[in-house]
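To start, the structure under review is shown below, and the notes come after it.
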Amino acid sequence: MKKPTRVNHPPAVHVPPDNHPVVAPIYQTVKFEFESVEETVRSLRGERPGFFYMRAANPTTRQLELTLASLQDRDDCLATASGVNVIAQTLIGLTKQGDHVLGFVETYGPTRQIIRRLLGRFGVTHTLLSIEDLPGIEHALSTTPTRLVMFESPTNPVTKIADIEAITRLARRHGAVTVMDNTFAGLHQHGEYDVDYFLHSLTKYASGSGDVMGGAVIARAELLKPLRAEFSVLGGVLDPHAAFLIQRGLRTYFVRYREQSASALQVAERLARHPAVARVRYPGLAAHPQHALARAQMRDFGTIVSFDLRAGAEAGRRFTEALQLFAKTASLGSTESLVMAPQMLKSRDLTAEQLVISAVTEGTVRLSIGLEDRDDLLADVDRGLAAAEA
Ligand SMILES: *Cc1c(COP(=O)(O)O)cnc(C)c1O
C-alpha cells in the first residue's frame, strides 16, 4: 500500500479480550462495518447486536445512555445534542396533527416556544395552566382528549414544586402520557413516580462543568421504541466526544449535587434573614410555600435559589453586578456559581395574567450555587445585598 492509502487505512490495534481499559475509550467513528454483507443486513434488521452508523447508535454514547437510564430508574435512554433538542424531538415524536398538549406557564421558556410555535404550526393544540392548578389540570384532561402532559419540577426560575403523584395519576386516568423535564431535580430523583418520559439537559448537572451540551430522554424500553426511529431521522445526535465528557462528569455527580445543594441552603437562609429580601424560594427552605411537598418528593433540593428584592429591578442589577464569584449568565448546575438579574429573567411571551402565575417579579434574582468555598459564597452574597441596599 502506498502512503496515501495507508493514512486512510491505519493499522488496527486489537486489545486482548482479557485486557480491559479502566475508562472506556471514545469511539470517535461514524461508521462500523461487519466482515460480511449478511451480518451487516442481520444487524440492520436488529437480528444481532452491533453498530453501523453513528446517527443511530455509538458505543460511547450508548454507555452514557445506559448510565443515565439506571440513574433515573428506567431501562432505556436516548441521548441527543442538547436539552432543547431532546424536548423538541420527543414532543415531535409523540404528537401528530390534531393532538392536544397540556403545558404550564411555569416552564423553561424554550419549552413553551416548542409547544406554542413549533407544534402549533403542525396543528397540535395546547392549553397552558399553572402547575399549582390541580383542579384546572383535572378539568382540562377530562374535557379535552389530551395526548400528553409536559411539566417540570422544580420549575424555572422560581422553583415551584409540581405534585408529581397527582399529575401522573390524572394523566393516566385520562389516557395522556406524561413528559417531565427533570433537569432541575437531577437524574437521581423522581424515578419512583409513574412518569412515562423523563427529559434532561445534560448540559447542567450531568456534565457539571459547563463546557459541553447534551440532552436525554429516559423511559421504559417499550416507550422509547417508537421514538428511536424518529430520533434517528431527526438526527440531533450526541457526539461521542461530548458523551465521553458527560460520562466523566457523572463520576462526581452525587458529590457535586449534594455539596452544592448544602451551600444553596445556606445561601437561601442567609438571604431569608435579610431585610432587603421580600421572599426567598428554595425548595429545601422551611419557608418555601411547598416545602412539605418538596420534602416528600425530593432528597436533595438542588442549586437554584431565587429571591425577590423589595426595592425591585435596579436593586437586582446592583446586587448582580456587585457579586465577584457569580458569572452573570444563563444555565445552572455547573461547578461555578451563576446569577441572573431581574432584567435577564423577563419572559416576553407571557400575558399579564400569565406573568402573575410565573411568580417572577420586578425584583426576582436567580442564583445557581457552585462548588466554591461556602464562606466565600456567603461573603459574596453579603456584598451583593449591601450593594442592593445602597
Ligand atoms: C437548560 C434547560 C434546558 C435546555 O437545555 P440545553 O442543554 O441548554 O439545550 C431544558 N430544560 C431545563 C429545565 C433547563 O434548565
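Before rounding to the nearest 500, sum -39500 (n - 2.57) across all DSSP H runs of length at least 4 in the chain and divide by the residue total; then give [θ] at 222 nm in deg cm²/dmol. Could you put the intermediate results ahead of the total?
Numbers: 15 runs with 151 residues, N = 390.
Result for the chain, helices only: -11500 deg cm²/dmol.
Excluding same-chain residues fewer than 8 positions from LYS2, which lysines have a Cα within less than 20 Å of its Cα?
none
Have a look at the DSSP beta bridges in the chain and tell me what percent are antiparallel, nearest 5.
Here the antiparallel bridges make up roughly 55 percent for the chain.
Hey, which lysines would be in cross-link range of LYS346, C-alpha to C-alpha under 18 Å, not counting anything within fewer than 8 residues on its own chain?
LYS160, LYS328
Would you mind telling me the share, in percent, of accessible area of the chain contributed by carbon and sulfur at probe 1.4 angstrom?
About 55 percent, which is the carbon plus sulfur part of the accessible surface.
How charged is the neighbourhood of PRO289? Take every other residue with its Cβ under 14 Å from the Cβ of PRO289, and add Lys/Arg as +1 and Asp/Glu as -1.
0
Hey, how many Å between the Cα centroid of segment 28-75 and the Cα centroid of segment 215-245?
Rounded to whole Å, the Cα centres lie 11 Å apart.
Could you tally the net charge around ASP76, taking each other residue with its Cβ under 14 Å from the Cβ of ASP76, Lys/Arg +1 and Asp/Glu -1?
Working: positive: ARG62, ARG74, ARG220, LYS225, ARG228; negative: GLU65, ASP73, ASP75, ASP196, GLU222.
For residues surrounding ASP76, the net value is 0.
To the nearest Å, what is the center-to-center distance of segment 288-356 and segment 168-195, using C-alpha atoms only?
Answer, in whole Å: 24.
Can you tally the net charge around MET213? Count Lys and Arg as +1, Asp and Glu as -1, for every other residue whose Cβ sits under 13 Å from the Cβ of MET213.
The answer is -1.
Percent relative contact order of the chain, based on C-alpha pairs within less than 8 angstrom and at least six residues apart?
15
GNM on the chain, C-alpha springs below 10 Å: top fluctuator among THR40, THR159, THR67?
Maximum fluctuation in the GNM of the chain, among the listed residues, is at THR40.
The values are calculated or read from the model by the stated rules, or taken from the named source; none is laboratory data. Bear in mind the structure is a predicted one, so any value in this text is a computation, not a measurement. We place every Cβ from the backbone using ideal geometry, glycine too, and count neighbours over all the protein chains shown. Side chains are part of the model used for accessible areas, which takes the heavy atoms of the whole protein and leaves out ligands, DNA and RNA. Shrake-Rupley method; radii C 1.70, N 1.55, O 1.52, S 1.80 Å.
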